[in-house]
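Following: one structure in structure tokens, then a few remarks.
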Amino acid sequence: MSKQPEEFLPLSQATYYILLSLREIRHGYGIIKDVEEISRGEVIMGPGTLYGALSKLEKQNIITKAKNDDDDRRKYYELTNLGIQVLQLEFSRLKSLVENAKYIMKNMEG
């Protein structure tokens, strides 16, 4: 029986950024560079972390290898429908955490 998208939450910071990066088809090095860019340098990912995460995400059917017509030895990845759902749910979860804390944090500043 396949898992529901909610069962994959919460995502680690690295996994969340990998899924964000796969908003378009990318290969490993492209993911590393994009994650660094979209996280504004907060997340610097090494190949070991990346490829371990990609392997796990592929086994979970959150991402899949993309078809590659070029004679390119690099592996390209893309989100599955499940992956898109997981990413959307995690975004909503994180947004809710921030929204719920805004008022409290504002009062703590004063």
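Annotation note: Cβ proximity below 9 Å between a residue of the range 22-49 that is basic (Lys, Arg) and a residue that is in a loop (DSSP other than H, G, I, E, B) (sequence gap 6+ or interchain) occurs for 26/66. So, of the residues in the range 78-93 that are within 13 Å of the chain's Cα centre (by Cα) and within 13 Å of residue 16 (Cβ to Cβ), which turns out to be surrounded by the fewest Cβ atoms within 10 Å (Cβ to Cβ)? It comes out as 88. Screening the candidates 68, 61 for the property of being part of a loop (DSSP other than H, G, I, E, B) and touching a helix residue (DSSP H, G or I) at 6+ places or on another chain (Cβ under 6 Å) yields one hit, 61.
The requirement of being charged (D, E, K, R), without any contact (Cβ under 8 Å) to a residue 60 or more places away in the chain and within 14 Å of residue 84 (Cβ to Cβ) is not satisfied by residue 7. Just one of the listed residues (6, 42) is farther than 17 Å from residue 92 by Cα and among the acidic types (Asp, Glu), namely 42. Among residues of the range 44-77 being at pLDDT 95 or above and of a type in the set (S, T, N, Q), the one that is surrounded by the fewest Cβ atoms within 10 Å (Cβ to Cβ) is 55.
Scanning the range 13-33 for residues that are within 11 Å of the chain's Cα centre (by Cα), more than 13 Å from residue 84 (Cβ to Cβ) and not small (Gly, Ala, Ser) yields a total of 6. Remark: pairs (first residue in the range 81-110, closer than 30 Å to residue 64 by Cα; second residue assigned to a helix (DSSP H, G or I) and aliphatic (A, V, I, L, M); Cβ separation under 9 Å; 6+ apart in sequence or on different chains) = 83/19; 83/57; 84/19; 86/19; 87/19; 87/20; 90/19; 91/20.
The residue that is surrounded by the fewest Cβ atoms within 10 Å (Cβ to Cβ), among those in the range 2-41 that are of a type in the set (Asp, Glu) and in a helix (DSSP H, G or I), is 7. The residues listed here are 41, 28; of these, the one that is of a type in the set (Gly, Ala, Ser) and either modelled with pLDDT under 95 or under 26 Å from residue 3 (Cβ atoms) (or both) is 28.
The values are calculated or read from the model by the stated rules, or taken from the named source; none is laboratory data. Computed from a predicted model, the values in this text were never measured in an experiment. Because the Cβ atoms are built from the backbone with ideal geometry, glycine has one as well, and the counts that use them run over all protein chains shown.
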